[in-house]
Amino acid sequence: MKELNIGEMAKLNCLSTKSLRIYHDMGLLPPKRVDPQTGYRFYEATQCFIIDQIQQLQAMGASLSEIKEASACKDSKTLVDLVRQRRDAIDEEIARLRLARHSANEFIHNYETYACPPPTNVVLFERLPVRYALQFPVEHDDAAPVSNESGPNLEAWEIALHLAKRRMVDQGIPTELFHNVGWRMHKDNFCNKNFQLDSIVVMVRTQGLAQEYGATELPAGDWATLYTCSYLGDDGANSEYGSLQYLAASIDKLGFEACGDCINEVVFNAPTLHNGWRDALFKLQVPVCTKTHV
């Protein structure tokens with residue numbers, strides 16, 4: 001049978017001579033003959049299938065050490081077990097990448113809305129589709145009230161946010177979904193202008209992920225919305241409080257009433273802080289219907 005030198009064998013198999021030397025050194029693919037005088041390695045074409053199998057296993061993410069260990073058993077079952085392990089690891093990586101892609105898409109979509117926002121500080125009426133939200137309790141009492149104090153209680157809110165993040169971890173929900181976190185306020189609190197938060201919400205736009213992690217469905221319908229571009233107003237007051245007041249008054253003035261809970265959806269958190277406060281675009285929204293009484 002015709003011998004192939006290491007260069008010919010490498011070229012035939014579309015790999016480097018260095019790889020063949022590594023295979024030899026590890027005992028994965030010894031040459032058919034090594035010239036005792038020159039140390040040159042020679043192979044036979046029938047050895048190509050071994051390279052094919054090594055490369056196939058490497059493509060699955062198996063290391064050369066794992067391939068050597070499985071091959072040393074001279075047992076097909078051991079090799080299949082290695083492939084099963086790699087398949088499970090691939091499935092886990094696919095799930096991780098799916099979440100990473102979701103996060104990337106969300107970031108880009110939210111930034112584009114932030115960069116070219118809808119009209120701000122104006123009440124709009126929108127027909128919104130079904131959406132989904134993960135909900136967690138507000139576990140820091142100081143974070144629950146939205147008041148007209150000088151700016152939001154940022155420290156309390158950060159603590160509440162990250163207690164919610166801990167809840168997510170405990171429930172096996174990936175932290176890749178923890179971004180642009182907002183809140184939910186019971187309809188009665190909104191209507192009575194007792195602006196107390198009931199829960200922290202994480203909006204999930206992808207239906208599959210929402211269902212997988214038990215997100216609550218927000219029904220489609222008519223919503224009054226108000227976009228605001230900062231938590232801190234020019235006068236140093238809490239923009240959320242003023243926006244809530246304005247949204248409630250506008251709904252009433254136009255002959256509507258809230259028929260569901262108020263949601264604050266953070267559209268985008270800018271990656272910098274200004275004067276110690278979050279710079280963000282957020283969207284207050286509440287489902288509305290025509291007043292049933294005067």
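Some points to look at:
- Test for ARG84: is it exposed (fewer than 11 other Cβ atoms within 10 Å of the Cβ), under 26 Å from GLU217 (Cβ atoms) and out of contact with any Gly (no Cβ under 6 Å at 6 or more places or on another chain): no
- Identity of the residue in segment 205-253, under 17 Å from ARG184 (Cα atoms) and β-branched (Val, Ile, Thr), that ends up surrounded by the most Cβ atoms within 10 Å (Cβ to Cβ): THR228
- Of the candidates LEU154, LEU134, the single residue that is at pLDDT 95 or above, of a type outside the set (Lys, Arg) and either surrounded by fewer than 17 Cβ atoms within 10 Å (Cβ to Cβ) or under 22 Å from PRO219 (Cα atoms) (or both) is LEU134.
- Some residue of segment 159-167 being exposed (fewer than 13 other Cβ atoms within 10 Å of the Cβ) and either in contact (Cβ under 8 Å) with a residue 24 or more places away in the chain or under 30 Å from LYS253 (Cβ atoms) (or both): no
- Count of residues meeting criterion [in a helix (DSSP H, G or I) and either touching a Cys at 6+ places or on another chain (Cβ under 8 Å) or on the phi > 0 side of the Ramachandran plot (or both)] in segment 156-188: 1
- Residue within segment 203-223 that is out of contact with any Cys (no Cβ under 7 Å at 6 or more places or on another chain), under 21 Å from GLY242 (Cβ atoms), assigned by TED's automatic domain parsing to the domain that holds TYR132 and modelled with pLDDT of 90 or more present: yes
The values are calculated or read from the model by the stated rules, or taken from the named source; none is laboratory data. Fair warning: this is a prediction, and the values are worked out from it, not measured in the lab. Neighbour counts run over all protein chains shown; Cβ positions are idealised from the backbone, glycine included.
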